[in-house]
Amino acid sequence: MRTTNTQRPGGLFFRVAYCTKKASTNFRMAPSKVIATVSDFCRRLSTATMSSTYNRVGVIQGGIHSATSPRLKEAARGVGKRFADERVLQIADLGSSQGLNSMQPCGDAIAAIRERHQKPASFMIYHEDLPTNDFNQLMSTLQSSASYTSPDKNPTGGVYSCAIGKSFYERLFPDSYLHFCMSYITLHWLSNHSPLPGISFNTIEYGADESVRRAWKEQARKDLTNFLSLRAAELVSGAGLLGVMVSAKQDSTTVNPFPSGPRGEKSAISRALEKMVKERKMTYQEACGVQVPYYFRTRDEVAEVLSSPRVRNAFRTEALEEYVISLGEGKDLLSDVDGAAELFWGIHENAVRAPLGDRSLEDQDDLVQELKTVFRLILREDYTSGRMSSWPSIDFILLSLVRN
C-alpha cells in the first residue's frame, strides 16, 4: 500500500491510500483527484442565504464533497448504466441535516446518472435525518438557489424531493426500492453508547476509560454492520451505495490532534468544561453530561465489517479510500484555528446544551457563550504553543459499494 499527499491552493489537503494489487478482501484502491478546494466550494454556495449554525459552518465540510466527487460520479454513472430503462430513479440522502452539504452531491449524482441513462427519467430524492433535525431549514435549503432543484441547476425538471424524520439505523424504505444511496459525514455517529465516567466528551481523548472505549468500538462495528444490512434490504440488485465517515488514522500513535487534544492531555472542550466547573460557572454533573457519541473507525475496522459474511454476501466493494481535509487556508494559523472552533460548535453545541435543561434559556445562552470563548482560547494555546502535531484537519474514509 502507498500513500499520496496532495496540497492545492485554497487550503484543501488530502491523502489517499491505495495499493496496486487487489487485497484479499477484494477492495479496489485507487488515487482520487481534487476537483475543487474548500474555498471553491464555499464560493459556489455563497449565493444561498443560510441562517442556521450548521449550514453556516458546514460549508467547511464541503471540501470532502469536492475531493470525493470523482468517486460519487463514477458510482452514479454505474447506476445510470445499470438502470438505463428505469423511468423513475429512487435516491436516498441519509443524514442530510439542514441540507446545504447535500445539494452539490445530489446534483452531481443526478447529472452523472443522466449521462449514462438512455431515456428521459425522473428522480425522487429522499432526505433523511432524525426527528429532532431542523427540517424547516432543510426545506428552505431545498427552495434556495443552492438547491439541485432550482431552475438554473435543473432546467429540464423531473426532480422531486421529500424528507424523512427517522434514524438510518431503522428500516426506511420497502424491499428492493432504492437505486442509489448516499450518506455523507454521518456514519461515525453511534446509535447508542455507554456513558463515560467523569468529564470526558468522547473516547478519542487522552485518559478516556479503556473499557468504555472498547464498548464504543464494538458499538461502531455493530452499527455499521446494521446500517449496511438495512440498506441491503432496501436496495435493488445493482444499486449503488456511497458512504463517507470521519475516521481515525490507522496508526493509533498518530491520532489526529483535532479535536482530541495534544498527546497526553484531554481535549480542549473537556479542559474548558473543567475550567468552568473550577470557577463554579457550571456544576460537575452538567460538565459530565457533555458527551458526544461518535466513534472514528480506522480503515481496518471498516474493512473488517465489509469482509464479514453478512455484508460481503450483500455487496461488492468498489472502493475504500482515506482522505485528510484541512480546516483552513493553511496561511493564518489563528484564523484557521478559530474556524475549526466554529466548526466544532456547529456540530457539538446541542450536546453541550443537553445537560443544561434545568437552566433558563437566557442562562444557557450566557454559559455556552462563555464556554465557547474559553474553548477557543485553549485551542489557540494548544496550536500556538507547538504542542499540536499538525494543522487543524479531519480524516475521512469513503466506501463505495454495489448491491449484489
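The values are calculated or read from the model by the stated rules, or taken from the named source; none is laboratory data. Everything numeric in this text was worked out from a predicted model, so none of it was measured. No Cβ is skipped: glycine too gets one built from the backbone with ideal geometry, and neighbour counts run over all protein chains shown. The accessibility values were calculated without ligands, DNA or RNA, using every heavy atom of the protein model including side chains. Shrake-Rupley method; radii C 1.70, N 1.55, O 1.52, S 1.80 Å.
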Requested in this report: Under 1.5 on a/c is rounded, so check that first for the range 312-380, then, if it is not, pick prolate when a/b is larger than b/c and oblate when it is not; a ≥ b ≥ c are the square roots of the alpha carbon gyration tensor eigenvalues.
Outcome: oblate
Query raised in the report: Share of the range 69-197's accessible area from carbon and sulfur, percent, 1.4 Å?
Result: 50 percent
Query raised in the report: Just how large is the dipole of the range 218-326 about the Cα centre, in debye to the nearest 20, putting +1 at every Lys and Arg Cβ and -1 at every Asp and Glu Cβ?
Result: 320 debye
Query raised in the report: Hey, got a sec? Which trypsin sites (Lys or Arg not before Pro) in the range 260-350 land in a DSSP loop and have at most 16 other Cβ atoms within 10 Å?
Result: Arg263, Arg280, Lys281, Lys331
Report task. Would you mind computing the Rg to Rh ratio of the range 172-295 from its alpha-carbon coordinates, Kirkwood style for Rh? Result -> 1.09
Report task. Enter the mean projected area of the convex hull around the alpha-carbon atoms of the range 104-168, in nm², rounded to one decimal. Result -> 4.7 nm²
Report task. Would you please classify the overall shape of the range 278-404 from the alpha carbon gyration tensor, given that a ≥ b ≥ c denote the square roots of the eigenvalues, rounded means a/c under 1.5, and beyond that prolate means a/b larger than b/c while oblate covers the rest? Result -> oblate
Report task. Could you pull out every residue, at least 5 positions away or on a different chain, whose amide H is within less than 5 Å of the one on Ser393? Hs are placed 1.01 Å off N in the peptide plane, and Pro or chain starts have none. Result -> Phe258, Leu327
